[in-house]
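> A single structure is presented below for examination.
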Amino acid sequence: MRRLLRLTPGLLALAALTAPGCQQNTWRNDNLSGNLQFVGDPRIENVVAEEGARIEYTEADLPVFQVDLRNLMDDQEARVQWRAVWYDGRGIQINDPARVWHPVILPARGSIPIRSIAPHEDAVRCEIQVQLLNPIE
Amino acid sequence: MNLPIHHAMKPGLPFVLGLLVLLGGGACSSSTTYGDPEGVETIDDTFGSTDLLMIAQKMAESFTSTNVWEEERPTIVFGGIRNRTRQHIDTTNITDTIRTRLIQSGKFTVLAGGQGISEIQQEVDYQQSGAVDQAAAVELGKQLGARYVLYGRFTEIKKEDSDTRDRWYKFTLNAVDVQTRVIIWAEEKTFRKTTEKPLLGW
């Protein structure tokens, strides 16, 4: 039992690495961090995946987070939407009057970078939320 | 038993009338719900809320992340946005959101212009009318002047055939140095909206 307990964290980590759709990493750079979060319909995990990401400061000292989205499908385009939510060092969400879900069309097997610049220099953490495109019609 | 035809029809009349009442009632009732103000809106290919917010975010992100200013906290004022599309679009709605985001960023001194100036003048006139204690009145001649003016243009290219209508939009914003006339910053946001026409109607 004790041996199993010792193995469990490793097994969980391995499962997290190998399970499809669970490759949602947190990207760090000094005090800045960013991550991509799938929300809504869980089938999004079969449609797109995150690739490389980076978070750093612009020349005007505002954090910028960029992550590449890849369409996992071989034969059809992926229609998704994304928005960025920024938090300060205390974990308080920073208001953005222009926050909006951005519709994105990814060609089959194609990828595009999505990028968000923080609305305030107090921002230290960015969460980019991605979900299947579900427009208001 | 064979009933005459008019006997067989009789029970149907109240049913039809009831159905008409139900349908009529349904047509007169409405249903309202709250929606996500940040949600993607694709009701048609005309300018919408998603477009407004995407433009405002792109402009504000670009404006706040550049470092072309000579001052640490530049003084700016919003000029006009010319609407050169064929739609009736309140472009101040776009600049309002950009202005709010710039003010909340804390990186700029944003001066009132247009509507704000007339509101200020009205208050100054009242303060000078004799009704206000001059010890509490604002001092005249202390307003700031803007170093940079933001102005821009919104255009569209519309194409259509029998099956599709396509609108390509471009929003351009510039910042000009009042002292030198040099445009020191510019940004564009383009997007395309396409509508498949229905087989009937339109």
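Here, each number is a calculation from the coordinates, and none is a lab measurement. What you see is a predicted model; the values in this text were computed from it and never measured. Here the Cβ positions follow ideal geometry from the backbone for every residue, glycine too, while neighbour counts run over all protein chains shown.
> What are the ³J(HN,Hα) couplings of the stretch B:89-104, residue after residue, when phi is run through the Karplus curve with 6.51, -1.76, 1.60 and θ = phi - 60°? Round to Hz, x for glycine and proline.
10, 7, 5, 5, 4, 6, 5, 4, 5, 4, 4, 4, 5, 5, 4, 5
> Averaged across the residues of A:29-41, what count of C-beta atoms belonging to other chains lies within 10 Å of each residue's C-beta?
0
> On to the next question. Give me the net charge for the shell around residue B:116: Cβ to Cβ below 14 angstrom, other residues only, Lys and Arg +1, Asp and Glu -1.
-2
> Given A:67, A:55, A:42, which one lies farthest toward the positive end of the charge dipole of the stretch A:25-132, if we put +1 on the Cβ of every Lys and Arg and -1 on the Cβ of every Asp and Glu?
Working it through, the farthest residue towards the positive pole turns out to be A:42.
> Residues with amide H under 5 Å of residue A:102's amide H, sequence separation 5 or more or different chain, H placed in the peptide plane at 1.01 Å from N; which?
A:82, A:83
> Using θ = phi - 60° and the Karplus curve 6.51 cos²θ - 1.76 cosθ + 1.60, what whole-Hz ³J(HN,Hα) does each residue of the stretch B:32-39 get, with Gly and Pro shown as x?
So the Karplus estimates, Gly and Pro as x, are 10, 9, 7, x, 6, x, 9, x Hz.
> Something else about it: Along the stretch A:97-114, what does the Karplus equation 6.51 cos²θ - 1.76 cosθ + 1.60 (θ = phi - 60°) give for ³J(HN,Hα), rounded to whole Hz, x for Gly and Pro?
Karplus values, whole Hz, x for Gly and Pro: x, 9, 5, 7, 6, 9, x, 9, 10, 9, x, 3, 6, x, 9, 9, x, 10.
> Which residues' amide hydrogens lie under 5 Å from the amide hydrogen of residue A:38, considering only partners 5 or more residues apart or on another chain, with H built in the peptide plane?
Excluding prolines and chain starts, which carry no amide H, the hits are A:130.
> Going toward the positive end of the dipole of the stretch B:75-162, with +1 on Lys and Arg Cβ and -1 on Asp and Glu Cβ, which of B:106, B:152, B:76 do you reach last?
B:152
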